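The next block holds one structure in the form of structure tokens; read it before the comments.
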Amino acid sequence: MLEPGVLTLAATPIGNPLDASVRLLRALGSADLIAAEDTRRLHRLMTDLEVSTSARILSYHEHNEAERTATLLEAVRAGQRVLVVTDAGMPVVSDPGFEAVRAAAEEGLPVTVIPGPSAVLTALAASGIAPDRFTFEGFPPRRGGRRASALEPLAGERRTMVFFESPRRTAATLAAMAEAFGEGRRAAVARELTKTHEEILRGTLAELVRWAEGTEVLGEIVIVVAGAEPVAASAEDLVDEVLERAAAGERLKDAAKEIARVHEGVGASELYDLALAARRR
């Protein structure tokens, strides 16, 4: 059961309706107000789950989120059971919901979450790419120039990167990634996760570009890209960085120690001695 006077976000299945949690079923049945990204898809989900509701159902999407947030908060203040769902997965994550959460937090109204399916975590788990540290980058820009500008700064990112993409733009985005990150970078494309035609393709970006260009890409797409390999640096290469930090007020020894800490194979003492000698010249 939902708590009255609380804004509740609930994750919905990303494909297979059987992934719906018991808490989601109970929330749909007990809500007074349900804000749904697409009300038709919500009705279809409830039909699949054999759940009925007496709740008022309100459309809540990117084009009316700012306007409808006031309605949601008014209902929360009135002690109603308010539920926010999106078409698939968790609200807020590349989906509506953030404005409502931010506004509720600013007012001190309670917010809670019913966890559940996540396309980001499902794709990451199945990708075969290191999951210990990752960053979610959402949808890349649609236009080629902006897409390239957005990807270029990520070329040195050490963490695994997870992206969403439209099937229509998957080939172009993979090609842009190969250009920005290098054709040999490991990646995976996950499509139709948890559905009948689920497919996980793994390989280098060059291999995935060839796949995307040679087939009609269909379904919801998640792209997982391995982080950049660390570039070995010598102590001599880092002397200028130590001197810059020292010039900004940091002790030379502390600067050398900190820089050596983040560069594997570089000794703090060696780096300090080189920087000290360079400063005396």
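The values are calculated or read from the model by the stated rules, or taken from the named source; none is laboratory data. Keep in mind it's a predicted model, so treat the numbers as computed, not measured. Glycine also receives a Cβ, built like all others from the backbone with ideal geometry; neighbour counts cover every protein chain displayed. Ligands, DNA and RNA are stripped out before the accessible areas are found, and what is left, the full protein with its side chains, is counted by its heavy atoms. Shrake-Rupley method; radii C 1.70, N 1.55, O 1.52, S 1.80 Å.
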Checking G265 against (1) in contact with a helix residue (DSSP H, G or I) (Cβ under 7 Å, 6 or more places away or on another chain); (2) at pLDDT below 85: exactly one of these is not met. Which one? (1)
Look at E179 and say whether it is within 20 Å of T122 (Cα to Cα) and not hydroxyl-bearing (S, T, Y). no
Only one of these is out of contact with any helix residue (DSSP H, G or I) (no Cβ under 8 Å at 6 or more places or on another chain), in contact (Cβ under 8 Å) with a residue 24 or more places away in the chain and farther than 30 Å from L18 by Cβ: G214, G145, G227, G138. Name it. G227
If I ask for residues that are open to solvent by 90 Å² or more (accessible area, probe 1.4 Å), under 24 Å from P230 (Cβ atoms) and outside any helix (DSSP H, G or I), which ones from the stretch 244-281 would you list? E264
Return the total of residues in the stretch 175-194 being of a type in the set (D, E, K, R) and over 22 Å from P230 (Cα atoms). 2
Of the candidates G116, G182, G108, G144, the one satisfying the condition of being within 24 Å of P13 (Cβ to Cβ) and either surrounded by fewer than 20 Cβ atoms within 10 Å (Cβ to Cβ) or not small (G, A, S) (or both) is G116
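Among the residues of the stretch 1-19, write down those that are open to solvent by less than 20 Å² (accessible area, probe 1.4 Å) and of a type in the set (A, V, I, L, M, F, W, C).
Matches in the stretch 1-19: L2, V6, L7, L9, A10, A11.
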Here's a check for you: in the stretch 53-105, which residue that is polar (S, T, N, Q), closer than 19 Å to L25 by Cβ and open to solvent by 40 Å² or more (accessible area, probe 1.4 Å) is nearest to the chain's Cα centre (by Cα)? T53
Go through (1) surrounded by fewer than 16 Cβ atoms within 10 Å (Cβ to Cβ); (2) farther than 22 Å from E99 by Cβ; (3) β-branched (V, I, T) for T39 and report which single condition fails. (2)
Sole miss for L205 among (1) touching a residue at least 60 places away in the same chain (Cβ under 8 Å); (2) of a type outside the set (D, E); (3) open to solvent by less than 20 Å² (accessible area, probe 1.4 Å) is condition (1)
Of all residues in the stretch 208-221 being under 24 Å from the mean Cα position of the chain (by Cα) and open to solvent by 60 Å² or more (accessible area, probe 1.4 Å), the one that is nearest to A125 (Cα to Cα): E220
Taking the stretch 21-36 and keeping residues open to solvent by less than 20 Å² (accessible area, probe 1.4 Å) and in contact (Cβ under 8 Å) with a residue 60 or more places away in the chain leaves L24, A27, A35
Could you please find all residues in the stretch 65-100 being hydroxyl-bearing (S, T, Y) and at pLDDT 95 or above? T69, T71, T86
